[in-house]
Amino acid sequence: MKIIDTHLHIWNLEELSLPWLSGEGPVLNRTYTLEDYKNALGADPEYEVEAAVYVEVDSARTDKDRENAFIIGCCADGADLFRGAILSGYLNEDGFKEYMGRYLDVPWVKGVRQVLHVPEALPGTCLGEAFLENVRWLGENGLVYEGCVRNGELGDLCEMARSCPGTTIVLDHMGIVDPDIISRENPSEEETAYRAAWIENIKRLAALPNVVCKVSGLNPAGAWTDETLRPAVDICLDAFGGDRVMYASNFPVCNVATGMAPWIGALDRITRERGEDFQKKLFSENAGRIYKL
């Protein structure tokens, strides 16, 4: 199976500072290279990753330009897997357009992400006037906005997407949903409310034609099985349909729960009954179209 990975991180801790790693364990708090990624597929992989989109790694503010230069260089090299990049940017601050304006003529730059699930990002950040104006500006310039928000703030992302119909909004990690709760046979009252709210928000987002969903980010604390993952995956696939979903590994963050090869295998098995054409769209064709690779 040919695969385009729409969410790949690599980082060199000797070159970039990633403050958020200070609270992580040894699985993530180390350097990850493209060779680590390739090795994660195994010596004789059943699946072939033919291209990938780099997604910014929430580096320190002072390292943004260095990170951008690094990944643009990787894309320009042509020998690596990278065919596009999502850069980091502060859409809620003055100077965003000037900052991104330097990259408008760089063909490998496909969009922008501002991580909004961090403590310093207050609820409602993506609904600020400057933020919305800059999201619209991205669409006017052929770039996407990657939405990475706390699960409880998916409603904010929905309102933002509705206010910016000319911009493609990419929902990262299915809204950072807890697959344990979604798959639990006997959920508590609180878990039932969580599940209902997530499903409603997914349906509201999917009803907007400018929103697409990355199928990724499932890190169950309990049993890592197809049946734990399937309910959340199926809900997203049913809501967004075959043309607005994209496979993503979220490497190396996926290593917290399992690994990249097991995740590909699980998603392959979960979606196999949907047919070969559906799988081609999910694993590669939609990514090529949405990111203009």
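The values are calculated or read from the model by the stated rules, or taken from the named source; none is laboratory data. All of these numbers come straight from a predicted model, not from anything done at the bench. Cβ placement follows ideal geometry from the backbone for every residue including glycine, while neighbour counts extend to all protein chains displayed. All accessible areas refer to the heavy atoms of the entire protein, side chains included, with ligands and DNA or RNA removed. Shrake-Rupley method; radii C 1.70, N 1.55, O 1.52, S 1.80 Å.
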Determine the relative contact order of the chain: mean sequence separation of Cα pairs under 8 Å and six or more apart, normalised by residue count, in whole percent. 19
As I understand it, the dipole of the chain uses +1 on the Cβ of Lys and Arg and -1 on the Cβ of Asp and Glu, about the Cα centre. Which of Asn39, Phe240, Leu122 lies farthest toward its positive end? Phe240
Among 160-173, 188-201, what's the highest-first ranking by average C-beta atoms within 10 angstrom per residue? 160-173, 188-201
Using θ = phi - 60° and the Karplus curve 6.51 cos²θ - 1.76 cosθ + 1.60, what whole-Hz ³J(HN,Hα) does each residue of the stretch 122-127 get, with Gly and Pro shown as x? 6, x, x, 3, 6, 9
May I ask you to list the lysines whose Cα is less than 24 Å away from that of Lys97, ignoring any residue fewer than eight positions away on the same chain? Lys64, Lys110, Lys292
Carbon and sulfur together cover what percent of the accessible area of the stretch 23-111 at a 1.4 Å probe radius? 48
Whole-Å semi-axes of the stretch 20-139's equivalent ellipsoid (Cα gyration tensor): 28, 19, 13
More than 27 Å apart: what percent of Cα pairs in the chain qualify? 37
Mean projected area in nm² (Cα convex hull; one quarter of hull surface) for the stretch 96-138: 3.5
Those aspartates and glutamates that a straight Cα-Cα span of less than 12 Å connects to Lys280, excepting residues fewer than 8 apart in one chain: Asp243, Asp268
Can you bin the stretch 105-209 into rounded, prolate or oblate? Criterion: square roots of the alpha carbon gyration tensor eigenvalues sorted a ≥ b ≥ c, rounded for a/c under 1.5, prolate for a/b above b/c, oblate for the rest. prolate
Could you give the size of the charge dipole of the chain about its Cα centre, using +1 on the Cβ of each K and R and -1 on the Cβ of each D and E, expressed in debye and rounded to the nearest 20? 620
Kirkwood radius from Cα pairs of the stretch 52-122 plugged into Stokes-Einstein at 4 °C, 1.567 mPa s, gives D in µm²/s equal to 102
For the stretch 147-250, give the percent of accessible area contributed by carbon and sulfur heavy atoms, probe 1.4 Å, rounded to a whole number. 49
Highest-first arrangement of 28-38, 280-290, where packing means the average Cβ count within 10 Å: 280-290, 28-38
Listed peptides 105-116, 49-60 by packing density, highest first (mean Cβ within 10 Å): 49-60, 105-116
What is the antiparallel percent of DSSP beta bridges lying wholly in the stretch 1-149, to the nearest 5? 5
What area, in nm² and to one decimal, does the C-alpha convex hull of the stretch 228-293 cast on average over all directions? 4.6
Give the dimensionless ratio obtained when the Cα radius of gyration of the stretch 69-159 is divided by 2.2 N^0.38 Å. 1.15
Considering only DSSP beta bridges where both residues belong to the chain, give the percentage that are antiparallel (nearest 5). 5
Expected vector for the stretch 83-91, Karplus 3J(HN,Hα) from phi with 6.51, -1.76, 1.60 and θ = phi - 60°, integer Hz, x for Gly and Pro, equals 10, x, 9, 9, 8, 8, x, 9, 6
Can you tell me the relative contact order of the stretch 1-100? Whole percent, Cα pairs under 8 Å, sequence separation 6 or more. 33
Å² of accessible area per residue within the chain, as computed with a 1.4 Å probe and no ligands counted: 43
Taking the Cα centre of the stretch 142-293 as origin and charging only Cβ (+1 Lys, Arg; -1 Asp, Glu), how large is the dipole, in debye to the nearest 20? 580
